[in-house]
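Input: a single structure, listed below in structure tokens.
The values are calculated or read from the model by the stated rules, or taken from the named source; none is laboratory data. Keep in mind it's a predicted model, so treat the numbers as computed, not measured. Positions of Cβ are backbone-derived with ideal geometry, glycine not excepted, and every protein chain shown enters the neighbour counts. Accessible surface is based on the protein model in full, side chains and every heavy atom, while ligands, DNA and RNA are left aside. Shrake-Rupley method; radii C 1.70, N 1.55, O 1.52, S 1.80 Å.
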Amino acid sequence: MISNSMFKNTVLFLVLAIVSCGNSIKTRQAEPKQKEPTATSEEKTALEIKTGADNFEAYLPLLKNKKAGIVTNQTGILTNKIHLVDFLLEKKINVSKIYAPEHGFRGTADAGELIKDGKDTKTGLPIISLYGNNKKPKPEQLTGIDVMVFDLQDVGARFYTYISSLHYVMEACAENNIPLIVLDRPNPNGGIVDGPILEKEFTSFVGMHQIPVLHGMTIGEYAKMINGEKWLKNGTQCDLTVIPCLNYKREMPYSLPVKPSPNLPNDQAINLYASLCLFEGTNVSMGRGTEKQFQIYGSPFLPKSDFSFTPGPNLGAKDPTYNGKLCFGEDLSKAEKVKRLELKWLIKAYQTTADKTKFFNDFFTKLAGTKKLQHQIESGVSENEIRKSWEQGILNFKKTRKPYLIY
């Protein structure tokens, strides 16, 4: 027979054993397993970027039971590669008209080429050109439109004309009481803000506003600034909704899924575009008519070197500058990514050209937005001094744009 004291001791021993066993089990379960290598949070987020077009839950309700006009081109696609127009039609949205900017709806026309109205061969929808003599939609071209959708991929440069088309579309919408929905897209040149500020007397379609050459904004942010600063005719403002990108930060690298225009074939060309486009106002080719558009530069008037090219007709350049003529210059297709507006190639070309009096043409002032830059280069002002002359203007611009930034 077991005494009470023996029974209590036995029970206590069993309880302690169970607790000890349980603790050892818990300890083993809590031991961390070795994790597989994973992408950094920034890399993961970059993979999850959604453009405004992909953020469709935010804008489809705004289009329901309305007749929509769409300003877009080949860049207006979702991540599944379906075009915005086709996507909206699948969702039973009543798309009435397509409005096409420079280079046309399919994005195959040369820079500056006249684009005619027509019909989309796939959908049968009417296409209205917003280039040439009809940069701003006329009231009769907006008849029957309840809401306008704008979806174009910008590259962050003042003279890239999609932001000029944006201005005119906003103005037309304001004047005709049509709400505008801008589907935002990342700026592939990120937050780079650099270059001379456009002076008002040099306003043109390649420079509509008093901003630097590189503005460092997305097209949605830019629309907000146009509206907020009352840059539209007579200070009018449009009924604007910006559908933002998701999981996007301005510093993130962003590679475009399609060419934004025929002569920007890859990331390198897009990165160098603003710097090399200034050559459009000179007698130097920046590679139109080759397979390295905006990645090389040269002319028959630069010194002979190991690098040369001969432009010829191709997609986006039916009759390129120096068609069939040997050009000498520099290959920048492997150059390190630029993080500012580079002037070194422009200055070098001017200093080494055969006849400096024939280097610049009238278009240079429109691109630069000021006569000062040409005068500085011709006078031998150093690149550092030229940059210092931009500093106050850039500082003022950053203050102006700050309320309109989304990311």
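Quick notes on this one:
- Qualifying residue in segment 343-360 (condition: in contact with a Gly (Cβ under 6 Å, 6 or more places away or on another chain), touching a residue at least 12 places away in the same chain (Cβ under 8 Å) and closer than 18 Å to ALA274 by Cα): no
- Enumeration of residues in segment 229-270 that are open to solvent by 50 Å² or more (accessible area, probe 1.4 Å) and of a type in the set (Lys, Arg): LYS230, LYS233, LYS249, LYS259
- Here SER275 passes the criteria (1) of a type outside the set (A, V, I, L, M, F, W, C); (2) in a loop (DSSP other than H, G, I, E, B); (3) in contact with an Asp or Glu (Cβ under 8 Å, 6 or more places away or on another chain) except the one numbered (2).
- Test for THR352: is it surrounded by 12 or more Cβ atoms within 10 Å (Cβ to Cβ), closer than 19 Å to ALA157 by Cβ and of a type in the set (Ser, Thr, Tyr): no
- Unique match (being surrounded by 14 or more Cβ atoms within 10 Å (Cβ to Cβ), within 26 Å of the chain's Cα centre (by Cα), modelled with pLDDT under 95 and aliphatic (A, V, I, L, M)) among ALA335, ALA317, ALA368: ALA317
- Number of positions in segment 226-244 that are out of contact with any strand residue (DSSP E or B) (no Cβ under 9 Å at 6 or more places or on another chain) and part of a helix (DSSP H, G or I): 4
- Among helices (runs of 4 or more DSSP H) entirely within segment 334-407, having at least 3 residues that are of a type outside the set (Val, Ile, Thr) and under 22 Å from LYS292 (Cβ atoms) singles out 344-352.
- Residues within segment 264-292 that are touching a Leu at 6+ places or on another chain (Cβ under 7 Å) and closer than 22 Å to TYR254 by Cβ, tallied: 6
One line per residue, one yes/no per condition, for (1) open to solvent by 80 Å² or more (accessible area, probe 1.4 Å); (2) under 28 Å from GLN210 (Cα atoms); (3) among the acidic types (Asp, Glu):
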residue	(1), (2), (3)
PRO300	no, no, no
PHE359	no, yes, no
LYS388	yes, yes, no
GLN392	yes, yes, no
